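In what follows, a structure is listed as structure tokens, so that the remarks can point back to it.
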Amino acid sequence: EAAAEHLDEAARELDGHDLISARPLALAARAWAAAQSGDVTTARALLDATVEAAAVDGRVAVQVAVADAWCDVFEQGRPTTASTTKLLDAAAAAVDGAQVLSGVLVLHELVRTGDAAAALAPLERIGRSAPSSWLLSVVTERARAHASDDLAGRRRLARRLERSWPLVAAEEHVALGQLLMAQHDEVAAARATLDAHRLAIGLGGTWPVTVAAASDPLTSRERDVADAVARGATNREVADAAGVSVRTVENQLQAVYRKLGVAGRRELRSLLAPASASASASAQTSTSPSASPSTPTPT
């Protein structure tokens, strides 16, 4: 969401005096942001404005391919042969143009869109020749875990990246929640979904389609009770604040305990502590952009 706002501003400022093809690059990047949030109409319109630049500038061509592949995936509901080919070709073009980390990021989009197996071999080739980097290491680890269905590895990766790359962590928690629900492990699925929701809230008002399923496993009233109890409120204090009976609060709290598989207040407080910290951080960041960033008019 923040990236979309800044890219809109960049496109406006560069209009009419762009000497290094930065404006079409900004438009193509903006199209990628729109496509992965499901706004394919905006993405396609932006890509139409980059056709000429993509034909002569390899950087723009790479970014256009990424946005175009995301449009394909969203429209088909899954990765396709065409989307995979576009991303593999774009990654190869980036690496050939000495933009190795850009190539790694493009291959990461293959993992995000659901074709980790296709990304793994080129990532390993890059790893054998390029200097080591945090980004290459994380993306390769993620691709391996997805390609081999290593759920434990994906869970460890998600936990490790909650602070340094929350989008990836949220995506992994969403996927884990869905897999656990399919295995009828409702408590573990609820916890994974809770983690995904906590991280997704921190992403702002516009979510990528990869975290769209990060819904709060608690009802709004259960969430209010859980948060209040996690902050140290007694059942009586919660009841008085909500204008309900203590018995009602007790029933709601028991529902929270059952869904999240916790034994009492202390365990609930420990489980929800990351969410409380995230909410506090979001409250302090009052300058975040609106949930509906403006779209530049292609010229």
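Here are some notes:
- Accessible-area value, ARG112, 1.4 Å probe, nucleic acids and ligands omitted, Å²: 20 Å²
- In the set [x] 1.20; [y] 1.04; [z] 1.27, the label that goes with Rg/Rh (Cα atoms, Kirkwood Rh) computed for this structure is [y].
- Our summary of shape: the Cα atoms of the stretch 1-76 have principal axis extents of 37, 27, 16 Å, ordered from largest down, in whole angstrom.
- Charge context of GLY205, other residues only, Cβ under 14 angstrom, K/R +1, D/E -1: -3
- Surface composition of the stretch 9-80: carbon plus sulfur atoms hold 54% of the accessible area, using a 1.4 angstrom probe and ignoring ligands, DNA and RNA.
- The helix-only estimate of mean residue ellipticity at 222 nm for the chain, built from DSSP H runs of length n ≥ 4 each weighted as -39500 (n - 2.57), is -23000 deg cm²/dmol after division by the residue total.
- Its alpha carbons give the stretch 74-212 an Rg and a Dmax of 15.3, 48 Å.
The values are calculated or read from the model by the stated rules, or taken from the named source; none is laboratory data. It should be emphasised that the depicted structure is a prediction, and the values quoted were computed from it without experimental measurement. A quick note on method: Cβ atoms are made from the backbone with ideal geometry, for glycine too, and the neighbour counts reach across all protein chains shown. Surface accessibility is based on the protein's heavy atoms, side chains included, excluding ligands, DNA and RNA. Shrake-Rupley method; radii C 1.70, N 1.55, O 1.52, S 1.80 Å.
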